[in-house]
1. Taking H placed 1.01 Å from N in the peptide plane, check which residues at least 5 places from residue 50 or on another chain put their amide H under 5 Å from its amide H.
2. Roughly what angle does helix 84-93 make with the longest principal axis of the chain, taking Cα atoms, 0 to 90 degrees, to the nearest 10?
3. ³J(HN,Hα) across the stretch 38-46 via Karplus (A = 6.51, B = -1.76, C = 1.60, θ = phi - 60°), whole Hz, x for Gly/Pro?
4. Say the dipole of the chain comes from +1 at the beta carbon of Lys and Arg and -1 at that of Asp and Glu; which of 179, 52, 146 then lies farthest toward its positive end?
5. Using a 1.4 Å probe, what is the accessible area per residue for the stretch 1-90, in Å²?
6. What percentages, rounded to whole numbers, describe P(r) for the stretch 1-117 computed over all alpha carbon pairs with 10 Å bin width beginning at zero?
7. At 0.36 nm per residue, minus the direct Cα-Cα distance, what do residue 92 and residue 65 gain on full extension? Give it in nm, one decimal, please.
8. For the pair residue 103 and residue 183, how long in nm is the line joining their label points, each one 7 Å along Cα→Cβ?
Amino acid sequence: MKVLLLEDEYMLRISITEFLEDMGFEVDGFSNGEKAYDAIYDTHYDLYLLDVNVPGMDGFELLRSLRKDGNKTPAIFLTSMVDVSNLQEGYKSGCCDYIRKPFDLTELQLRIMHALKSYYHEGENKIDFGEGLVYDTENFTLTHNGESIALSKTEKEIFSVMLKHTNQVVSVEMFQDEIWGEYVDPANIRVQINNLRT
């Protein structure tokens, strides 16, 4: 899954990015709201993590604009603003959660998992495919008869795209757009998919 992170504090942006990448996410980090907004219309993201007070377009304005355009991707605000009025503004803008800084990265992980589970899987955190094959959408793990199957970062992302488009034909172009955001040799994508099948 791909995350857009809007955070103008450099060290915090790097810390969050590294933490999310260790979880298996692909992260695009931005310090400017307008650049983040432009990127959203060039790349598919599964989650937005948005600071509020950033250069260019602030986080509230960015999310309001996205929601006005019909974009429903889940969004979490990360901000040092503590007033109840700011909290209200965040939810009115269309966020699904609001985290006050400073926060522990474990808390961020829990809130991200809840947001993704609520939006993409309607509360179900395990999908049983039959024949002993089960996928845990909260921890991004695949098991067969209780034994863990190791997945690479790219394989996890491919699996997530296929789950999101269940009962649909997923084209090579869709994988390119949602995982890499650019052209990738279709033969390489097919190799990754074949690895999942085996």
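1. Close amide H contacts, sequence-distant or interchain: 6, 76, 77, 78.
2. 50 degrees
3. 5, 5, 4, 8, 10, 9, 7, 10, 9
4. Positive-end residue among those listed: 146.
5. 44 Å²
6. 14, 53, 31, 1
7. Gain on extension, residue 92 to residue 65, equals 8.5 nm.
8. Here the answer is 3.9 nm between the modelled labels.
The values are calculated or read from the model by the stated rules, or taken from the named source; none is laboratory data. Everything numeric in this text was worked out from a predicted model, so none of it was measured. With ideal geometry, Cβ positions are generated from the backbone for all residues, glycine too; neighbour counts draw on all protein chains shown. Quick note on the areas: whole protein, heavy atoms, side chains included, nothing else; ligands and nucleic acids left out. Shrake-Rupley method; radii C 1.70, N 1.55, O 1.52, S 1.80 Å.
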